[in-house]
Amino acid sequence: MLVYGLINSVILALMALGFNLTFGISGVANFAYGAIYIVAGFITWTLIEKLGLPHLVSAAAAIVVIGLFGMFLYKLVLKRIRGLVISEVIATFAVALVALELLRYIGFIGFRYSLPVFIDGSVEILGAYVDIQRLLILALSILVVVAQYLFTHYTKLGLAFRGIAQDEHTSLSLGINPDRIASWSMGIGCSLGAFAAIVILPLGTITVDSGYDVLINALSVCIVGGLGSTFGVIIASFIIGYAQILTATYISSHYTIIVSLVAILVILALKPSGLLGHQKELEERV
Amino acid sequence: MNILEVKGITKTFGGVSAVADVSVNIEENTLLGIIGPNGSGKTTFVNIITGFVRPDKGSVVFKGKEMIGLPPYRVTNLGVGRAFQMVKPFFHLPAYKNIIVPLSSPRVRASSGGGYGDKDAMSLDILEEVGFERDSSVPYKTASVLPHGYLKRLELARLIALKSEVFILDELFSGLSIAEVTSITPIIEKLLLDGKTIIMVEHRLKELFRIADKVIVLNFGKKIKEGVPKEILEDEEVKKAYLGVEV
Amino acid sequence: MKERVIDGQNYRKERIARCIKARSDDIYALTSQKEMWYLLFPRIVPIVGIAIVAYLLPIYWKKVILTTCIFAMLAVSWDFLSSCGMLSLGQALFFGIGSFAAGGFNHYLHLPVYLTIPLATVTGGLISTMILLPVIRLRGIYFAMVTLILPLMLMRLIEATKLLGGTEGLTGLSPFPNEWVEVTLIMAAMWAALFGLRRFIASDYGLIFVSIRDNDRATMASGINIYAFKAQALFIGSSVCAFCGAFMTHSYQFTGMPVFAMEFSILPIAAAAIGGMNTLAGPLLGAMLLVPLSELLREFGTLRIVFYGAILIICVIGLPEGIFHYLSRKYNEMERWVKIE
Ligand SMILES: Nc1ncnc2c1ncn2[C@@H]1O[C@H](COP(=O)(O)OP(=O)(O)OP(=O)(O)O)[C@@H](O)[C@H]1O
Ligand SMILES: [Mg+2]
């Protein structure tokens, strides 16, 4: 149980990281995130099954393609409507609709779509059998978080990211181009989403409808954790993740969604900026 | 009599100490000036008094009532009004409609006996008081097209509409021409004559010192000096804080 | 500013307000018949036009008109909320709650239609407001995100708890007496919502709501309890949606999980984006265009939604102010070319 809760939490966190990164840096709420997750899954599937490429190559290709797609999305669409919150939401959501429904139209529905696991088999930990894939998710998630930390604290681009996140105008005067940074943040955010898809999707099948679920999960976790705060996202994933597993084992798996719902409402009522929302955001939000 | 007593308020923003242990008493019907270099915590100080920011420590007592923890609209309704440094008009509304909003507040309704009078006329009167020419089209223009000077006057008009007892003016003069400042100063002097208490945050020291009864100086969130304008002008530490050099 | 050259002379486009409009917008202050017609024309034409279409067309199109009116009301309510500074991505929440309320009253308490609809409107509004009360302090995108996930979660909740008919829904609810009543009622409700809300927003009391969108901190600094006002706005807005939900429920004699579908949240926003936000009439116009369009695209199956998304993206980028602003400018202002000296 302890182990399942951990893994469930980590999956939630991994799903949310990309969304959170984009929002934290450029302030764009990318509602196309869920769609991108699913599209990444289908791209990988197509590369593996139809073109017969090796697994890792396909995965890498999907991540790159999705990242580029994110950047183009910013350059072509979002850049023109930057700052108009409603338009941003409508545009990204419309992109999600187009992508997901197009997939549905082409016929990517059914149970035959699933990605292969990286390593088969399972091991016993604390009396529970756990697939190696799940352990791999754990390891990779930690890796992503560490990489993200190193990136934002030690590379030039990463530091520019943080600058923009903190104060767009000051950064502008220091010669940082916010549009470039924002498009990078979209790209990297989307790539993270694709990465999450490739490691998480092998646990089940790829369905178009789960695109919406991914978005909901990412949103819930980010809202509870405090948008833009990576650490908050991780904590929030653990709270929601464990709460879900606890209800699933002791009450019924049907009620997990209620637990998330209550968690969100309670936390927001008590602390409107989320668990670890920044002061600056607090001012914007309350 | 002290109308407002501020004791030991402290606020840190993620490591930055914006206001550190500042205390000051404000006597009724006086003008207190607050000065200090950029980022010294003046606006944060105002935000705390008016309920927009909750301090880590300290108390603010207005006429014997503790105000920390009250939301901004309660503070306003008690009689402490504030003008924003960054003007905050309702951009989509005409200037005179901007004043209808404070005229609809519980405070005004209670004071004018139900307050079902002609709000448009009342708001035009108030706007005239702060220098909107009544017979021109200026009061009817949308706030988004008004020049900066008028927006500053609009901030002041809001406080007058609210019948505030304490006027907190955060850098009212910034960005105004000398001519505009000289035309607004009499309005402030008139408020003092009417028995109001005024707190002015200012960078325009010359204009401020002419009308202030007492001045406090903030630097890095700390109060480094309190006194009448003349004392402040001659103080070495204040000069150092402003000029950033050892004197 | 547009410019062009005719016969070697530079011309510039100038806009001037038609003088009638400049004098007054208030119908009681009009002085001539001409002015009256000038103001009434854009109001009467759509009312009469839609009524004619609704009464003359065959039964299938009556249903389309019905759906259109319902979405138009959802869009107007969305725009009202956004005028009060609340960006809702969850009209489906309000709609669904109203629908289930009507369904519940009818199914379990056997109340007749003319009672369930008003009851569901009020209780639906109340319940929706209660649910959102904890997050009423959130602003902008944060509020939006919460409203987006709530209806989807409620859908799961009903699925999980098997309450209110669970996945099956409640069927066999009482219908309206006949489709004439139905169509007349929904059109009346739609125009009432539009003109009622427009009048409300223009009043001194409504002004406070609009000021919250412009700058909620200044509203607070004006001594207004913005949370109380936002709650009122939520109640008004969600009641309108709840009415739509209740109406739809009786029209289809069914309520169930689909009432929380994303469609009911997204389409109103799309309509508002295309029609022009913060005008109330714009979103209605947008819905009048979008819903019949989507009906025409029905034969394309799910590809319909793809077209839809594409149209949305193009509109958001290419026509950011919306159709209504454009039209009203053309109607209220004259354009002419003047020489540049
Ligand atoms: N909401 C906030 N979040 C984080 N830091 C803040 C916030 N508000 C103010 N600060 C910080 O607190 C310090 C004091 O700021 P404040 O705005 O009070 O200064 P000020 O004296 O009004 O300056 P100015 O003369 O430029 O108006 C600054 O370092 C500022 O960056
Ligand atoms: Mg300041």
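Show the residue pairs that are 6+ apart or on different chains and have beta-carbon atoms under 6 Å apart, the first residue being within segment B:63-86 and more than 8 Å from chain C (Cβ to nearest Cβ) and on the phi > 0 side of the Ramachandran plot, the second being among the small types (Gly, Ala, Ser) and away from ligand 2 (no atom under 16 Å from the Cβ).
Once the first residue is more than 8 Å from chain C (Cβ to nearest Cβ) and on the phi > 0 side of the Ramachandran plot and sits in segment B:63-86, its partners that are among the small types (Gly, Ala, Ser) and away from ligand 2 (no atom under 16 Å from the Cβ) give B:79/B:164.
I'd like to know if segment B:187-203 contains one or more residues that are within 15 Å of the chain's Cα centre (by Cα), more than 16 Å from ligand 1 (Cβ to nearest atom) and among the basic types (Lys, Arg). Write out each step before concluding.
Restricting attention to segment B:187-203, the residues satisfying the condition of being within 15 Å of the chain's Cα centre (by Cα) are B:187-189, B:191-192, B:196-203.
Next cut, more than 16 Å from ligand 1 (Cβ to nearest atom) only: B:187-189, B:191-192, B:196-198.
Among the residues that remain, those that are also among the basic types (Lys, Arg) are: B:196.
Among the residues of segment B:187-203, at least one is within 15 Å of the chain's Cα centre (by Cα), more than 16 Å from ligand 1 (Cβ to nearest atom) and among the basic types (Lys, Arg), which makes the answer yes.
Identify the single condition in (1) modelled with pLDDT of 90 or more; (2) away from chain C (no Cβ under 14 Å) that residue B:39 does not satisfy, given that it satisfies every other one.
Here residue B:39 meets the rest and fails (1).
Taking the options A:227, A:246, name whichever one is at pLDDT 80 or above and among the hydrophobic types (A, V, I, L, M, F, W, C). Don't jump to the end; show me each part of the working.
Numbers: A:227 fails: at pLDDT 80 or above.
Every option except A:246 fails the conditions.
Can you tell me which residue in segment A:249-282 is surrounded by the most Cβ atoms within 10 Å (Cβ to Cβ), limited to those that are more than 12 Å from chain C (Cβ to nearest Cβ) and modelled with pLDDT of 75 or more?
First, pick out the residues of segment A:249-282 that are more than 12 Å from chain C (Cβ to nearest Cβ): A:249-250, A:275-276, A:278-280.
When the remaining residues are screened for being modelled with pLDDT of 75 or more, the result is A:249-250.
Working: A:249: 12, A:250: 9.
Ranking the qualifying residues of segment A:249-282, first place goes to A:249.
Would you be able to tell me the number of residues in segment C:154-174 that are in contact (Cβ under 8 Å) with a residue 60 or more places away in the chain and under 17 Å from residue C:262 (Cα atoms)?
Here the count works out to 5.
Counting residues that are more than 18 Å from the chain's Cα centre (by Cα), within 10 Å of another protein chain (Cβ to nearest Cβ) and farther than 19 Å from residue C:268 by Cβ, which helices (runs of 4 or more DSSP H) fully inside segment C:145-248 reach at least 2? Full working, then the answer.
On the way: elements: C:179-202, C:204-214, C:216-221.
Here the list reads C:204-214, C:216-221.
Without any contact (Cβ under 8 Å) to a residue 40 or more places away in the chain, within 14 Å of another protein chain (Cβ to nearest Cβ), in a loop (DSSP other than H, G, I, E, B) and not charged (D, E, K, R), is that true of residue C:87?
Details: without any contact (Cβ under 8 Å) to a residue 40 or more places away in the chain: no; within 14 Å of another protein chain (Cβ to nearest Cβ): yes; in a loop (DSSP other than H, G, I, E, B): yes; not charged (D, E, K, R): yes.
No.
I need the helices (runs of 4 or more DSSP H) fully contained in segment A:57-174, keeping only those with at least 3 residues that are aliphatic (A, V, I, L, M) and at pLDDT 85 or above. Before the answer, list the steps.
Values: elements: A:85-106, A:132-154, A:156-166, A:168-173.
Where helices (runs of 4 or more DSSP H) fall fully within segment A:57-174 and carry at least 3 residues being aliphatic (A, V, I, L, M) and at pLDDT 85 or above, they are A:85-106, A:132-154.
Part of a helix (DSSP H, G or I) and either more than 15 Å from ligand 1 (Cβ to nearest atom) or free of Cβ contacts under 8 Å to residues at least 60 places away in the same chain (or both), is that true of residue B:9? Outline the logic, then answer.
Details: part of a helix (DSSP H, G or I): no; either more than 15 Å from ligand 1 (Cβ to nearest atom) or free of Cβ contacts under 8 Å to residues at least 60 places away in the same chain (or both): yes.
Considered against the rule, which asks whether it is part of a helix (DSSP H, G or I) and either more than 15 Å from ligand 1 (Cβ to nearest atom) or free of Cβ contacts under 8 Å to residues at least 60 places away in the same chain (or both), residue B:9 comes out as no.
Where the second residue is of a type in the set (A, V, I, L, M, F, W, C) and the first is without any contact (Cβ under 8 Å) to a residue 24 or more places away in the chain and lies in segment B:125-148, which pairs have Cβ atoms under 8 Å and are six or more apart or on separate chains?
Between residues of segment B:125-148 that are without any contact (Cβ under 8 Å) to a residue 24 or more places away in the chain and residues that are of a type in the set (A, V, I, L, M, F, W, C), the close pairs are B:134/B:124; B:134/B:127.
Can you name every residue in segment C:107-126 that is under 16 Å from residue C:175 (Cβ atoms) and in contact (Cβ under 8 Å) with a residue 24 or more places away in the chain?
Residues of segment C:107-126 that are under 16 Å from residue C:175 (Cβ atoms), as a first pass: C:107, C:110-117, C:120.
Across segment C:107-126, the qualifying residues are C:107, C:112, C:113, C:116, C:117, C:120.
Among the residues of segment B:59-84, write down those that are within 15 Å of ligand 1 (Cβ to nearest atom) and not in a loop (DSSP other than H, G, I, E, B).
B:72, B:82, B:83
In segment A:1-42, which residue that is over 10 Å from the mean Cα position of the chain (by Cα), assigned to a helix (DSSP H, G or I) and among the small types (Gly, Ala, Ser) is farthest from residue A:63 (Cα to Cα)?
Residue satisfying both the conditions and the ranking: A:5.
Could you check segment A:214-248 and list, in sequence order, the residues that are more than 8 Å from chain C (Cβ to nearest Cβ) and polar (S, T, N, Q)?
Residues satisfying the conditions are A:217, A:229, A:230, A:237, A:244, A:247.
Scan segment B:91-100 and give yes if some residue there is within 13 Å of chain C (Cβ to nearest Cβ), within 16 Å of ligand 2 (Cβ to nearest atom) and out of contact with any strand residue (DSSP E or B) (no Cβ under 7 Å at 6 or more places or on another chain), otherwise no.
No, segment B:91-100 has no match at all.
Given the structure, is residue B:141 within 7 Å of another protein chain (Cβ to nearest Cβ), more than 16 Å from ligand 2 (Cβ to nearest atom) and in contact with a helix residue (DSSP H, G or I) (Cβ under 8 Å, 6 or more places away or on another chain)? Show your work before the answer.
Numbers: within 7 Å of another protein chain (Cβ to nearest Cβ): no; more than 16 Å from ligand 2 (Cβ to nearest atom): yes; in contact with a helix residue (DSSP H, G or I) (Cβ under 8 Å, 6 or more places away or on another chain): yes.
Taking the combined requirement at face value, the residue does not satisfy it.
Determine whether segment A:192-213 contains at least one residue that is within 14 Å of chain C (Cβ to nearest Cβ), assigned to a helix (DSSP H, G or I) and buried (at least 22 other Cβ atoms within 10 Å of the Cβ).
Yes, there is a match, as at least one residue in segment A:192-213 is within 14 Å of chain C (Cβ to nearest Cβ), assigned to a helix (DSSP H, G or I) and buried (at least 22 other Cβ atoms within 10 Å of the Cβ).
Residue-by-condition table, conditions (1) surrounded by 21 or more Cβ atoms within 10 Å (Cβ to Cβ); (2) more than 14 Å from chain A (Cβ to nearest Cβ):
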site	(1), (2)
C:274	yes, no
C:283	yes, no
C:293	no, yes
C:307	no, no
C:319	no, no
C:329	no, yes
C:339	no, yes
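Filter segment B:18-58 for residues that are assigned to a loop (DSSP other than H, G, I, E, B), surrounded by fewer than 20 Cβ atoms within 10 Å (Cβ to Cβ) and more than 12 Å from ligand 2 (Cβ to nearest atom) and give the result. First the steps, then the outcome.
Residues of segment B:18-58 that are assigned to a loop (DSSP other than H, G, I, E, B), as a first pass: B:28-30, B:36-41, B:50-56.
Subset that is surrounded by fewer than 20 Cβ atoms within 10 Å (Cβ to Cβ): B:28-30, B:37-39, B:54, B:56.
Selection gives B:28, B:29, B:30, B:54, B:56.
Any chance segment C:102-111 includes a residue that's crowded, with 20+ Cβ neighbours inside 10 Å, part of a strand (DSSP E or B) and more than 14 Å from chain A (Cβ to nearest Cβ)?
No, segment C:102-111 has no match at all.
Would you point out the residue of segment B:59-90, among those that are within 16 Å of ligand 2 (Cβ to nearest atom) and in contact with a strand residue (DSSP E or B) (Cβ under 7 Å, 6 or more places away or on another chain), that is farthest from residue C:218 (Cα to Cα)? Please lay out each step first, then the result.
At the first step, the residues of segment B:59-90 found to be within 16 Å of ligand 2 (Cβ to nearest atom) are B:82-88.
In the following step, the residues that additionally are in contact with a strand residue (DSSP E or B) (Cβ under 7 Å, 6 or more places away or on another chain) were identified as B:82-85.
Working: B:82: 9, B:83: 9, B:84: 8, B:85: 12 Å.
Per the stated criteria, the residue is B:85.
For segment B:104-121, indicate whether the set of residues that are touching a Leu at 6+ places or on another chain (Cβ under 8 Å) and away from chain C (no Cβ under 11 Å) is non-empty.
Filtering segment B:104-121 down to residues touching a Leu at 6+ places or on another chain (Cβ under 8 Å) leaves B:104-105, B:107-108, B:115, B:119.
Still in the running and away from chain C (no Cβ under 11 Å): none.
For segment B:104-121, residues touching a Leu at 6+ places or on another chain (Cβ under 8 Å) and away from chain C (no Cβ under 11 Å): absent.
Inspect all residues belonging to segment B:182-200 and state whether any of them is in contact with a helix residue (DSSP H, G or I) (Cβ under 8 Å, 6 or more places away or on another chain), more than 25 Å from residue B:94 (Cα to Cα) and within 16 Å of ligand 2 (Cβ to nearest atom).
yes
If I filter segment C:251-264 for residues that are part of a helix (DSSP H, G or I), within 11 Å of the chain's Cα centre (by Cα), closer than 30 Å to residue C:162 by Cβ and of a type in the set (S, T, N, Q), do I get at least one hit?
No, the conditions are met nowhere in segment C:251-264.
Looking at residue C:130 and the list (1) closer than 20 Å to residue C:89 by Cα; (2) surrounded by fewer than 18 Cβ atoms within 10 Å (Cβ to Cβ); (3) touching a residue at least 40 places away in the same chain (Cβ under 8 Å); (4) more than 9 Å from chain A (Cβ to nearest Cβ), which single condition is not satisfied?
Failed condition: (3).
Could you please give the count of residues in segment B:149-180 that are within 16 Å of ligand 1 (Cβ to nearest atom), farther than 23 Å from residue B:27 by Cα and within 14 Å of chain C (Cβ to nearest Cβ)?
2
The values are calculated or read from the model by the stated rules, or taken from the named source; none is laboratory data. Predicted model, so just to flag it, every value in this text is computed and none were measured. All Cβ positions, even for glycine, are placed from backbone atoms using ideal geometry, and neighbour counts span all protein chains on display.
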